[in-house]
1. Take the Cα coordinates of the range 128-175, assign each an equal point scatterer, and use the Debye formula without solvent to give log10 I(q)/I(0) at q = 0.16, 0.25 Å⁻¹.
2. May I have the extent of the alpha carbons of the range 6-326 along their three principal axes, as whole Å values ordered from largest to smallest?
3. Taking other Cβ within 10 Å of each residue's Cβ, how do 194, 206 sort, fewest first?
4. Taking a ≥ b ≥ c as the square roots of the eigenvalues of the Cα gyration tensor of the range 357-436, is the shape rounded (a/c under 1.5), prolate (a/b larger than b/c) or oblate?
5. What FRET efficiency would be calculated for the residue pair residue 293, residue 450, taking the C-beta separation as r and a Förster radius of 56 Å, to the nearest 0.05?
6. Pairing the Cα long axis of helix 217-226 with the longest principal axis of the chain, what angle in degrees results, from 0 to 90 and rounded to the nearest 10?
7. Order of 160-166, 280-286, 492-498 by packing, highest average Cβ count within 10 Å first?
8. How many percent of all Cα-Cα pairs in the range 221-362 sit more than 19 Å apart?
């Protein structure tokens, strides 16, 4: 991998800005990041804990270092955080909002918005952060009339650079309650909120508008096409999208599109959409050149990958010291030994070892009273386990959301519907299945024919007999009630499994998923690859 010369990137930005001003255009450098999720240490290429001989890079200290360099070189710049600052590492689990506020306050941004997981611990876990934040929190599409305590935010902010007024809006995707606890807050349509607020700013003489958006790249592209005539740049988040220009051999991450993505409104007006991946691996650096009416004329830039040649900011490293010992003591504790690698990517193509390990831990958590079946959604598995020593920190990265486990009764026909739904969007190419919504299971053997139309793909479902000696599976009885363990996310109908929330009965509360996982992994060490035939595809 060819490292990116940060100083060269900054120098070129400065030269371009000078040239643009001489040509009568106003240059604005938009420096941005998103979905940091408390990555205050170095990470591997995927954004998780570095293990063994893996090369470490990224992390918030390097991010701040690059931002300072770009700010120093650019005559006009804004620095924005597009949300997703909370949750994801032990730094947050141990120290909650306090460590997030402390880190972000080392170098306050001009504006930030919030992500869904920033609401994970409710308003009681968010309000103190917002009060302590030295960065203005901007939420254009939030109605707080039902939550009078939620007050430390703005609909928009206006900053001035070289006599030009720049409006910054912030939106969050409306389905916050799928993963967070927003209380009685109401989240309005982001696009309509942006149209309304940007028009109001235009009436006040603001002719450059930047939206920071926790809405996902595809939605942000749609917003760009439909947000009205005043928005110029949308800085995105939520989908962890990696955009980049040029030779990909210079960039070690899988690129999903050009930086920026250029969208056209019906009248041909251009709106630029950017995003900077996730997990503290890069900093977005887009320079936009505006005419005297605030219209986009030119642009250039690329994300800066935070390789090892980027120094870690000493102020951030110092600010971390009071929090570090407790985090490292907990995280470095050895729990087990793994004899095989366990990748969450395998969970897309079928049964995966890490998914089986998680679902088995759920069944074990309710043993012996509520032993039986367990389900785990793929999106809830956030990290991998590699062969070798398994630490608590690695387990946490696999299940970082700390969801409560529940056991509930679900009738056989409803369970069949749930499994059918898990492959509705699945595709097959060259004999390989891609099933992004596939549920991992314990106590079941499911056979799918993906070439059948959606709704008719589950061709066989067997259930582990609880009264039999040995591993005996029997056909599911559509009219019998089965006890099924799962995390609260699925219990509440997450990932569009509304049937579970609607039909599930007689809930029994269990431990937190991470606690159950830790206990099971410790008991099963050394961890091996066991092919159980739980999920099978036929063609």
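Values quoted throughout were computed directly from the atomic coordinates according to the rules given, and no laboratory measurement underlies them. Worth saying up front: this structure is predicted, and the values here are computed from it rather than measured. In this analysis, Cβ positions are derived from the backbone assuming ideal geometry, glycine residues included, and neighbour counts consider all displayed protein chains.
1. At q = 0.16, 0.25 Å⁻¹ the computed log10 ratios are -0.53, -1.01.
2. Its Cα atoms span 54, 49, 32 Å along the three principal axes.
3. 206, 194
4. Oblate.
5. That pair, residue 293 with residue 450, gives E of 0.60.
6. So the helix axis and the longest Cα principal axis differ by about 50 degrees.
7. Highest-to-lowest ranking by the protection proxy: 280-286, 492-498, 160-166.
8. 69
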